[in-house]
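The values are calculated or read from the model by the stated rules, or taken from the named source; none is laboratory data. Because the structure is a prediction, the values reported are computed rather than measured. All Cβ positions, glycine included, derive from the backbone under ideal geometry; neighbour counts span all protein chains shown. The area values use the complete protein model at the heavy-atom level, side chains included, leaving out ligands, DNA and RNA. Shrake-Rupley method; radii C 1.70, N 1.55, O 1.52, S 1.80 Å.
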Amino acid sequence: ANLGRMSQKYGFFVPDAEYLTDLEGLLGYCHEKIKLGHYCLYCQRVFKTWSGCQKHMIDARHAKIRYEANVDQEEFDVFYDFTEANDEFLVGGSGGTGGGGGGGKKKAVEDKKADADAGEDGDEAMYEEDVEDDDGEWEDISDDEDMAEDEDDDDDDEDGDMYQEYEAELRTHGFDVTPLGELIFPDGR
């Protein structure tokens, strides 16, 4: 009833209503965003009072949800379920005509499996192989860690040598460095 009134009086509409799963939650969130946060749903402007926000939205014809990527779409996504649209897109984008019976969905699933086998979805395919090869035992990688520690030790030695050279250069000019790395001027400051 409220949505019908808002639509008729102010032109308010819910974007992608066919994929909306929680109308009451979306309307409650919009209500809180206006009444508690004093945010305009369209331009994201913040007002001192909710009534000022509401007046702005009516006067500026902002009684609508912007629903754009990188603006506010992500915060409203929890109220939607686009799996059906994604399935339709995959079936339509798989090279078929998109029309006809249920063969399109089956082809899309087969294409997805073929892509995984071919390595196009490398991360998922690699993960699945790891799971299949895993016998439930821990892999010992201590040899790799020892090699990495040896390399780190070499880097530490080089850094230490450079620091010693830096301290020596400072001392030639009358400066000193405390154990905490603080610089001491020749006059003791």
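Assorted remarks:
- If the condition is being of a type in the set (Ser, Thr, Tyr) and surrounded by 13 or more Cβ atoms within 10 Å (Cβ to Cβ), then region 42-55 contributes only Tyr42.
- Pairs where the first residue, in region 22-34, is farther than 20 Å from Trp50 by Cβ and of a type in the set (D, E, K, R) and the second is open to solvent by 20 Å² or more (accessible area, probe 1.4 Å) and part of a helix (DSSP H, G or I), C-beta under 6 Å, 6+ apart: Asp22/Phe79
- Residue selected from region 164-175 under the condition assigned to a helix (DSSP H, G or I) and modelled with pLDDT of 75 or more, by the criterion surrounded by the most Cβ atoms within 10 Å (Cβ to Cβ): Glu167
- Lone unmet requirement of (1) assigned to a loop (DSSP other than H, G, I, E, B); (2) at pLDDT 90 or above; (3) not polar (S, T, N, Q) for His56: (1)
- Filtered by the rule that a residue be closer than 15 Å to Phe12 by Cβ and exposed (fewer than 13 other Cβ atoms within 10 Å of the Cβ), region 56-87 gives Ile58, Asp59, Ala60, Arg61.
- Pairs, first within 18 Å of Gly28 (Cβ to Cβ) in region 76-93, second at pLDDT below 85 and not in a helix (DSSP H, G or I), C-beta under 8 Å, six or more apart: Phe76/Tyr67
- In region 30-41, residue nearest to Phe76 (Cα to Cα) [restricted to those that are of a type outside the set (Lys, Arg) and open to solvent by less than 60 Å² (accessible area, probe 1.4 Å)]: Cys30
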